[in-house]
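Since the structure comes first, as structure tokens, the remarks are kept for the end.
Laboratory data are not the source of any read-out in this text; all were calculated from the coordinates shown. None of the values given here were measured: they were computed from a predicted structure. Every residue, glycine among them, receives a Cβ derived from its backbone with ideal geometry; neighbour counts consider all protein chains shown.
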């Protein structure tokens, strides 16, 4: 027979093991077991190998790990229009030469996908480029506010702080219009990125992307051209708070949107 003390110790150990198992599965759901990250950087820098899952695009993968999609494409020999396949391995180890090569990728002509995927398989990427004429030159983008609401949380990427906001949070009411901040082409529309809810990503040029998170409804689809000021979604909530999370990324890295948006 077990005494009260022995039973208490047993259940404490069982609870500890259960917690470890739950944490393991939670982490496994967020990141591939072949992905590692350096905590010395804030946001952390990821490296390793990502295996393409159902519903993923190169743009989504690059956004998830804070990388420039052109950089990843060049490093993995993925040609425009950047089609990826389920099971394809994406190397996150990017060399300096790959980065230099990526800077010239915008002028390359469209061709097939990675040489890793020469077999005829159905591409996982749902994104189909329409060669949108709305795509801008890197230095010729006119930005507009995606919503007129007040800023609830400002951009904050500080290596000395754990509080990271890669964009700005804009308040409003559920159902409010969310508008494209600049002309471009929708390269992602879905809810597969943890922490963003219903997310839309727009490609504006070879260097700039913008993102619109926590939408109630998404009114555009991948591959669709959009104009600056066009209604692309309706505002949803994060928790119980109506808000739009808005980001601008330059060469794959988050930048302060307020430095690009017009003063108001």
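Structure values in brief
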read-out	value
Pairwise label distance in nanometres, residue 263 with residue 164, each label 7 Å out on the Cα-Cβ vector	3.2 nm
Cα centroid separation - the range 237-264 against the range 49-64, whole Å	22 Å
Difference of contour (0.36 nm per residue) and Cα-Cα distance, residue 156 to residue 174	4.0 nm
Cα-based Rg of the range 145-264 normalised by 2.2 N^0.38 Å, two decimals	0.97
Extended-chain gain in nm, criterion 0.36 nm per residue less alpha-carbon gap, residue 240 and residue 219	5.3 nm
